[in-house]
Amino acid sequence: MWWSCWWEAVGVSYRPLSSVSGSSVPPLSRPQLAEARRVRAVELFEEGGSNAEIARAVGVCAESVRRWRRVWEEGGAPALRRRSATGRPPKLDDTQVEEVRAALERGAQAHGFEADLWTLERVGLVVERVTGVSLSRASVWRLLTGRLGWSLQRPERRAVERDESEIARWIAHEWPRIKRGR
């Protein structure tokens, strides 16, 4: 297959998961593959390869290799390594997130709410009580789904007064009579 030559060219050992029986090693992610290409390019820079040869060997265009070579000459191999994501750091650290998890697992009624049902507003209040940090609804949602791994659950809508035996009687006796038109 064409991709097996490419993997060998960048110096990455990879086999599709279907061919690896019982292996727990996940395939490389796209950023990991891009970094593997750049690392292989650095090895070829050090061997004195031309930009065109390196571009063919790692499977990218020559312009990318020229850019990588400039970065490598200015900052060395570490300059071509993958950098961690930038952006605003989270408002809650891992310890605070675990405190919030423990508080939420006690249930909404333990925090003084009438029903044992979580809403974004209620979770936001608990987060503020536990950590002293105020979060927007969107941030509460990201906390619940992203960092805590919770998902949206909707309660069943059923009347409290519902009488299952009366419903069964109506379906067995009344519904057939109505259906026949009597």
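The values are calculated or read from the model by the stated rules, or taken from the named source; none is laboratory data. Every value quoted in this text rests on a predicted model; they were computed, and no experiment measured them. Using ideal geometry, Cβ is built from the backbone for each residue, glycine included, and neighbour counts are taken over all protein chains shown. Side chains are part of the model used for accessible areas, which takes the heavy atoms of the whole protein and leaves out ligands, DNA and RNA. Shrake-Rupley method; radii C 1.70, N 1.55, O 1.52, S 1.80 Å.
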With all protein chains present, region 123-182 has a carbon and sulfur share of its accessible area (1.4 Å probe) in percent of 52 percent
Summing -39500 (n - 2.57) over every DSSP H run of at least 4 residues in the chain and dividing by its residue count gives a helix-only mean residue ellipticity at 222 nm, to the nearest 500 deg cm²/dmol, of -14500 deg cm²/dmol
Among GluC sites (Glu not before Pro) in region 140-179, those in a DSSP loop whose Cβ has at most 13 other Cβ atoms within 10 Å are Glu156, Glu161
Per residue, accessible area of region 31-103 with a 1.4 Å probe, heavy atoms of protein chains only, in Å², comes to 64 Å²
Output for region 92-155: GluC sites (Glu not before Pro) sitting in coil per DSSP, at most 13 other Cβ within 10 Å, listed by number, reads Glu114
Rounded to one decimal in nm, the spacing of the 7 Å Cα→Cβ label points at Glu174 and Glu43 is 7.8 nm
With Ser139 itself left out, Lys, Arg at +1 and Asp, Glu at -1 over residues whose Cβ is under 13 Å from its Cβ give +3
